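**Q** First the structure, which I've put down as structure tokens, then a few questions once you've had a look.
Quick note: the coordinates plus some simple rules give every number you see, no bench work behind them. What you see is a predicted model; the values in this text were computed from it and never measured. Don't worry about glycine lacking a Cβ; one is built from the backbone with ideal geometry, like all the others, and counts go over all protein chains shown.
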Amino acid sequence: MYATAIIADDEPLLRAELREALREAWPDLVIVAEAGNGAQALEAVAAVEPDLVFLDVQMPRLGGVEVARRLRDQVLVVFLTAFEEYAVRAFEQRAVDYLVKPLDVERLADTVQRLQHLIMQRRPDARERVAQALEPPAAPRASPLEWLKVSSGSTIRLLPVSEVYLFRAVPGYTQIVTKDAEHFIETPLCDLLERLDAQRFVRVHRSAIVNLGCIAVIHKLEHGRLQIALKDGRGSVEVSRARSGFFRET
């Protein structure tokens, strides 16, 4: 579900935390602007006309509640607050939801589902509007990666990507798991994802990409979570809640 959003919070670290959490929970959401106070938030909404805005309740130069009052019915609003008692005031301004800081991942996933449903109803052209919001336009996707260079001592081997069972992010490296070996490369997981065949490889967690053809079985865990067991006993990886829908819908 493609959509555009603005994050308005006077604390840069909290904006970064929410941006990263949204990247995991809603990969197709495009953050088109950020604001450090209420006045900037109003200017950004007027400039880019997003689908939704995440508003910190307490900001300088107009608080989030006042900004929401002025934006009523223009965009979907989600409040960010450190105090749950602001929830009543949030819904008085027709906010879709509120998130309490520090963020709870499962709570955010519920909010994302609610937002996606509302955007489907309000903005059926959301996909086209993303292309207009992004500048410059995204470059055409290159051909999928077919080979990887992996080192072992003084030798370098060309490893077919099709033989990779799992890519896993570890401190400083990306671990590659194959049928009979493990390798480590310096290419970040996010860079690999952009070059892998999306029909074959799926990101199942922030730190893991799995080859669909190398899945032996998927186990259902408690609280609706899923765990993937790889073929040939090559380990397992838990699927994040945000990604589990992919396997339930296929």
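**Q** How would you rank 104-115, 53-64, highest first, on the average number of other Cβ atoms within 10 Å across their residues?
**A** The peptides rank, most packed first, as 53-64, 104-115.
**Q** Follow-up. Is there a quick way to get the dipole size of the chain? I mean about its Cα centre, with the Cβ of Lys and Arg at +1 and of Asp and Glu at -1; what is the value in debye to the nearest 20?
**A** Using only the charged Cβ atoms, the result is roughly 600 debye.
**Q** Students often get this wrong, so check it: of K101/K220; K149/K231; K101/K231, which have C-alpha atoms separated by over 32 Å?
**A** From K101/K220; K149/K231; K101/K231, over 32 Å: K101/K231.
**Q** If you compute Rg and Dmax of the Cα atoms in Å for the structure shown, which of (1) 19.6, 62; (2) 18.8, 59; (3) 20.8, 66 do you land on?
**A** (3)
**Q** Counting pairs of alpha carbon atoms under 8 Å apart in space and at least six apart in sequence, what relative contact order in percent does the chain give?
**A** Relative contact order here is 12 percent.
**Q** Helix-derived [θ] at 222 nm for the chain: sum -39500 (n - 2.57) over DSSP H runs of at least 4, divide by residue count, nearest 500?
**A** Result for the chain: -9500 deg cm²/dmol, rounded to the nearest 500.
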